[in-house]
């Protein structure tokens, strides 16, 4: 297949995943911001990756406005990840440098916040990725996360691509590519050792170990 563009997920593909403990601290800070001093472990974990229904449930249980809770959560997560970047704990993978040799247009589509992706692009001075999208810090942004195709479809349209390849490290990345009828490459980083895509009933077109393999595709 001759692809005319390559679109990348970010966390676990271009940059290392944000440390779980850093995100947990951010969730505690968000709860504290809205006056919830003792959230349970379950509530912390739910706030990390909620859907709109579970977020509303958290807000109702704690008697806070759902949009206020989400705004506090997003700000805390953005700030925590920026700190991780600046202190060198969230880094680029070494093989990102191999992408400079790709002759195809490149872009980023992530489920992380748009501001966080902007911080990453700025911090690492990433060039050649245009456009790049994360989700809006709104309830609509939650609903538009992959495997929903909203951001990826928007990116492909902006690039004018007809045969793009999407590169990710999660079942949602394979599923969103399938939803748009495009090919996907699953990169099996160390944190995906033993990760079974079959349990999610998805199958990528390729499985790679490094970004350096993309040139051969």
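Considering only the range 172-187, I want to know if a residue exists there that is without any contact (Cβ under 8 Å) to a residue 24 or more places away in the chain and in contact with a strand residue (DSSP E or B) (Cβ under 6 Å, 6 or more places away or on another chain). Yes: one or more hits. Checking each residue in the range 36-57 for being under 23 Å from the mean Cα position of the chain (by Cα), more than 18 Å from residue 22 (Cα to Cα) and surrounded by 15 or more Cβ atoms within 10 Å (Cβ to Cβ) picks out 55, 56.
Listed by first and then second residue, the pairs with beta-carbon distance under 8 Å, at least 6 apart or on different chains, first residue in the range 34-54 and not assigned by TED's automatic domain parsing to the domain that holds residue 139, second surrounded by 14 or more Cβ atoms within 10 Å (Cβ to Cβ) and part of a loop (DSSP other than H, G, I, E, B), are 34/64; 35/64; 36/64; 47/39. Within the range 87-107, the set of residues being touching a helix residue (DSSP H, G or I) at 6+ places or on another chain (Cβ under 6 Å) and either modelled with pLDDT under 95 or under 22 Å from residue 137 (Cβ atoms) (or both) comprises 90, 107.
Looking only at residues in the range 206-217 that are part of a loop (DSSP other than H, G, I, E, B) and in contact (Cβ under 8 Å) with a residue 60 or more places away in the chain, which one is farthest from residue 98 (Cα to Cα)?
Top of the filtered list is 217.
Per the listing 150, 191, the residue uniquely surrounded by 14 or more Cβ atoms within 10 Å (Cβ to Cβ) and out of contact with any strand residue (DSSP E or B) (no Cβ under 7 Å at 6 or more places or on another chain) is 150. Taking the criterion of being touching a residue at least 40 places away in the same chain (Cβ under 8 Å) and farther than 17 Å from residue 24 by Cβ, the residues of the range 71-94 that qualify are 71, 91, 92, 93. Of all residues in the range 67-94, those being surrounded by fewer than 16 Cβ atoms within 10 Å (Cβ to Cβ) and farther than 17 Å from residue 21 by Cα number 4.
The values are calculated or read from the model by the stated rules, or taken from the named source; none is laboratory data. Since we're looking at a predicted model, the values are computed, not measured. Neighbour counts are summed over all protein chains in view; Cβ atoms, including those assigned to glycine, are modelled from backbone coordinates with ideal geometry.
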